[in-house]
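Trainee: Take a look at this one; I'll ask things after.
The values are calculated or read from the model by the stated rules, or taken from the named source; none is laboratory data. Keep in mind that what you see is a predicted model, and the values were worked out from it rather than measured. All Cβ positions, even for glycine, are placed from backbone atoms using ideal geometry, and neighbour counts span all protein chains on display. These area figures cover heavy atoms from the full protein model, side chains too; ligands, DNA and RNA do not enter into them. Shrake-Rupley method; radii C 1.70, N 1.55, O 1.52, S 1.80 Å.
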Amino acid sequence: MIEFERVTKTYGARRAVADVSFRVERGAFCALVGSSGAGKSTLLRMVNRLVPMSEGAIRLDGEDVTRLEPVALRRRMGYVVQSIGLFPHWTVAQNIATVPRLLHWPEARIAARVRALLELMRLEPAMGGLYPHQLSGGQQQRVGVARALAADPEVLLMDEPFGALDPITREELRIEIARIHKATGKTILFVTHDIDAALQMADAIAILRGGALVQLGTPAELLEHPADDFVRDFVGGTTLGLKLLAQRRVAEHVRKEAAPPGAPISRDATLTEALSQMVLRGTDILPVRDASGRIAGSVALADMIAP
Ligand code: ADP
């Protein structure tokens, strides 16, 4: 668990981070979101002490990070940034093995860990022998994530990691990170200016503005109960209603009565997917199937949009 208590960072008279308090539960995926200059990176870098705090405290599982030795602290936290910083003259396998080597793991354990991480990141085993310049930008980022995970850190700190990639690769990697979060149970702190990425991936979102924490909540809480007009505009924009539909599932709106004909939609589908099917089929009601494929009822537009 990571706890921020009245954390402040000043540069001269300017407060880059101002009196920020919140906690991130163990295993949570927390996005730090805000416009450029909101203080996101500064806040993240105070967690692994790349930036010294001016006031307040950050605790990792109850331990004040300023009492921990910086190198030991950073080994407990993988760190991934946009400019990946892979070592160009080292192979992919050597890059991934950086921290295990520093920790003097036996060679066999390092080799097994590299193999497991290549597989986790969906990289071909043979890629371990290539050099960074022989990989695409997306593959390099995957190696960066694998390297950050190598010594099995408790926490993964990610600072706009996919910002420089093309939209399709970025989307692929977001899905990948969400999958890895589920598979590993790591606590993730993810900095982004892209609220839609945060709504898609995170289970907690901290909205920062001018260094201050404006609101902390789940995606649904932020969309349903924005703290003020700034959050409402920032989170929802002109499509707040559609974003709300994306947070809700068909399962919550199933009517038991007889279903109309046609291909059924899954109970696990989002209401956005249901709405999309309704538009395509020119109907306002769809049959719904359960996990075993049986018809479980129907979902109607009127129920989906009821307050
Ligand atoms: P974000 O990550 O949200 O874009 P940053 O945390 O990078 O924002 O920056 C927050 C504020 O702190 C900005 O106004 C930035 O100019 C200022 N800042 C960041 N680093 C420094 C520094 N080393 N010296 C002076 N000001 C800084």
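Trainee: Take the alpha carbon atoms of segment 6-39, find their center, do the same for segment 101-171, and report the distance between the two centers in whole angstrom.
Mentor: Using only Cα atoms to place each centre, the spacing works out to 27 Å.
Trainee: How long is the gain from residue 203 to residue 280 if the chain were fully straight, where each residue apart is worth 0.36 nm and the alpha carbon distance is subtracted?
Mentor: Numbers: separation 77, 0.36 × 77 = 27.72 nm, distance 3.06 nm.
Computed gain between residue 203 and residue 280 is 24.7 nm.
Trainee: Now, a different point. If you average the sequence gap of Cα pairs under 8 Å that are 6 or more apart and divide by the length of segment 169-307, what percent do you get for the contact order?
Mentor: Numbers: 175 pairs, mean separation 21.2, N = 139.
Value for segment 169-307: 15 percent.
Trainee: Still on this model: Could you identify which residue out of 32, 244, 50 has the top mean-square fluctuation in a GNM of the chain using Cα springs shorter than 10 Å?
Mentor: 50
Trainee: Among 143, 168, 264, whose Cα lies farthest out toward the positive end of the dipole of the chain, if unit charges sit on the beta carbon of Lys, Arg (+1) and Asp, Glu (-1)?
Mentor: Comparing the listed Cα positions along the dipole, 143 ranks first.
Trainee: So if I place +1 on the C-beta of Lys and Arg and -1 on the C-beta of Asp and Glu, and nothing else carries charge, what would the dipole magnitude of the chain be about its Cα centre? I want it in debye, nearest 20.
Mentor: The dipole magnitude comes to about 680 debye.
Trainee: Under a cut-off of 18 Å between alpha-carbon atoms, report the lysines in cross-link reach of residue 40, not counting same-chain residues fewer than 8 places apart.
Mentor: 9
Trainee: Not counting ligands, DNA or RNA, and with a 1.4 Å probe, what is residue 131's accessible surface area in Å² rounded to the nearest 10?
Mentor: 90 Å²
Trainee: So what is the relative contact order for segment 47-132, in percent, with contacts set as C-alpha pairs under 8 Å and at least six apart? Let's see the in-between values first.
Mentor: Working: 54 pairs, mean separation 24.0, N = 86.
Averaging sequence separation for qualifying contacts and normalising by length gives 28 percent for segment 47-132.
Trainee: For segment 49-57, just list the computed ³J(HN,Hα) in residue order, Karplus coefficients 6.51, -1.76 and 1.60, θ = phi - 60°, integers in Hz, with x standing in for Gly and Pro.
Mentor: Listing the rounded values in order: 6, 6, 10, x, 6, 8, 8, x, 9 Hz.
Trainee: Right, here's the next one. If the chain were replaced by its equivalent ellipsoid, with semi-axes equal to the square roots of 5 times the Cα gyration tensor eigenvalues, what would those be, largest first, whole Å?
Mentor: Values: eigenvalues 286, 147, 53 Å².
Ellipsoid half-lengths, sorted descending, are 38, 27, 16 Å.
Trainee: Using Cα atoms only, what is the angle between the long axis of helix 137-149 and the major principal axis of the chain, expressed in degrees (0 to 90) to the nearest 10?
Mentor: 70 degrees
Trainee: Now for a separate question. Could you please state how large a percent of the accessible area of the chain is carbon and sulfur, counting protein chains only and using a 1.4 Å probe? Walk me through the intermediate numbers first.
Mentor: Working: 7920 of 14990 Å².
Heavy-atom surface of the chain belonging to carbon and sulfur, 1.4 Å probe: 53 percent.
Trainee: From Cα pairs below 8 angstrom and at least 6 apart in sequence, can you work out the relative contact order of the chain, rounded to a whole percent? Display every interim value, and only then the final one.
Mentor: Numbers: 561 pairs, mean separation 58.0, N = 307.
So the answer I get is 19 percent.
Trainee: Over its Cα atoms, what ratio of radius of gyration to 2.2 N^0.38 Å does segment 177-248 give?
Mentor: Values: Rg = 12.4 Å, N = 72, 2.2 N^0.38 = 11.2 Å.
In units of the 2.2 N^0.38 Å rule of thumb, it is 1.11.
Trainee: Hey, what number do you get for the chain at 222 nm if only DSSP H runs of n ≥ 4 count, each worth -39500 (n - 2.57), divided across all residues, to the nearest 500? Please report the intermediate quantities before stating the final value.
Mentor: Details: 13 runs with 113 residues, N = 307.
Computed ellipticity for the chain at 222 nm equals -10000 deg cm²/dmol.
Trainee: Tilt of helix 271-281 relative to the longest C-alpha principal axis of the chain, in degrees (0 to 90, nearest 10)?
Mentor: 50 degrees
Trainee: What whole-number value in Å² describes the accessible area per residue of segment 16-157 for a 1.4 Å probe?
Mentor: Values: 6610 Å² over 142 residues.
Each residue of segment 16-157 exposes 47 Å² on average to a 1.4 Å probe.
Trainee: Now for a separate question. Roughly how big is segment 5-99's charge dipole about its Cα centre, with Cβ charges of +1 (Lys, Arg) and -1 (Asp, Glu), in debye to the nearest 20? The partial results should precede the final answer.
Mentor: Values: 14 positive and 8 negative charges, 32 e Å.
Dipole about the Cα centre, nearest 20: 160 debye.
Trainee: Considering every pair of different Cα atoms, what Kirkwood radius, in Å, is found for segment 165-307?
Mentor: On the way: mean 1/r = 0.0589 Å⁻¹.
By the Kirkwood definition, the hydrodynamic radius is 17.0 Å.
Trainee: Just the Cα atoms of segment 233-307, one point each, no solvent: what log10 I(q)/I(0) does Debye give at q = 0.19, 0.27 Å⁻¹?
Mentor: Ignoring solvent entirely, the Cα scatterers give -0.71, -1.29.
Trainee: Please determine, in degrees from 0 to 90 and to the nearest 10, the orientation of helix 107-120 with respect to the longest principal axis defined by the Cα atoms of the chain, where the helix direction is its Cα long axis.
Mentor: 30 degrees
Trainee: Identify all aspartates and glutamates with a Cα-Cα distance to residue 182 below 15 Å; exclude those on the same chain that are fewer than 8 residues away in sequence.
Mentor: 25, 152, 154, 203
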